[in-house]
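Heads up, the thing below is written out as structure tokens.
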Amino acid sequence: MPVTERRRTSARRESLLGDQPGAFASARYQRITPMKARRVTQMIHGRQVDDALALLQFAPQSAAKTVYKVLESAVANAETTEELDRADLVVSSCQVDEGPTMKRWRPRAQGRATRILKRTSHITLVVTPLAKAEPKAEKRASAKGETKNRKRGKA
């Protein structure tokens, strides 16, 4: 295979997207707990990009600002590197992994100390074009309904 035909892809892109079109962005070592960040990313999973950005812009959670920036970056990556249209993009995957935890001490009564855990997160969002295979799914659903009716003795 000639060198000009070979397309360089990272191992990270291969693991997230495989051969399908799309783009991703990640923010590492963010000072937000993974549980709080997951709560925000679950709200936008499966939504179209413009709807997800509008939702994040007015969400009261503190993690929404960080997730908003990561999503904007993923959309920009899709538009520039993959030449995809912004209107067709959907948030297909959201990953929030736990980063390193900073351990701090807080003085307590009688000379004791308690540990404070300051958690960090690695946030990764994947955007892909909207799948146009909707009519096939409807045909399959109607075929299943017909087989159920045949089993029951209905026409």
Query raised in the report: Within the range 11-26, which residues are in a helix (DSSP H, G or I) and free of Cβ contacts under 8 Å to residues at least 60 places away in the same chain?
Result: A11, R12, R13, E14, S15
Query raised in the report: Only one of these conditions is not met by L56: (1) modelled with pLDDT of 95 or more; (2) under 19 Å from the mean Cα position of the chain (by Cα); (3) outside any helix (DSSP H, G or I). Which number is it?
Result: (3)
Requested in this report: Would you point out which residue out of Y29, Y68 is closer than 30 Å to M102 by Cβ and outside any helix (DSSP H, G or I)?
Outcome: Y29
Report task. Consider only pairs whose beta carbons are under 6 Å apart and that are at least six residues apart or on different chains; among these, list those whose first residue lies in the range 48-68 and is on the phi > 0 side of the Ramachandran plot and surrounded by fewer than 22 Cβ atoms within 10 Å (Cβ to Cβ) and whose second residue is modelled with pLDDT of 95 or more and of a type in the set (K, R). Result -> none
Report task. Give me the pairs, please: first residue somewhere in the range 92-110 and closer than 20 Å to M35 by Cα, second residue anywhere and loosely packed, with under 10 Cβ neighbours inside 10 Å and among the aliphatic types (A, V, I, L, M), beta-carbon distance under 6 Å, and either six or more positions apart or on two chains. Result -> T101/L117
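Taking the condition of being under 22 Å from the mean Cα position of the chain (by Cα), closer than 22 Å to K65 by Cα and of a type outside the set (A, V, I, L, M), how many residues in the range 78-127 meet it?
The initial filter retains those residues of the range 78-127 that are under 22 Å from the mean Cα position of the chain (by Cα), namely 78-100, 119-127.
Retained after the next criterion (residues that are closer than 22 Å to K65 by Cα): 78-79, 86-87, 89-100, 119-127.
Still in the list and also of a type outside the set (A, V, I, L, M): 79, 86, 92-95, 97-100, 119-122, 124.
Result for the range 78-127: 15.
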Requested in this report: Among the residues of the range 80-102, write down those that are surrounded by 15 or more Cβ atoms within 10 Å (Cβ to Cβ) and assigned to a helix (DSSP H, G or I).
Outcome: D88
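The values are calculated or read from the model by the stated rules, or taken from the named source; none is laboratory data. Keep in mind that this is a model prediction, so the values were computed, not measured. We place every Cβ from the backbone using ideal geometry, glycine too, and count neighbours over all the protein chains shown.
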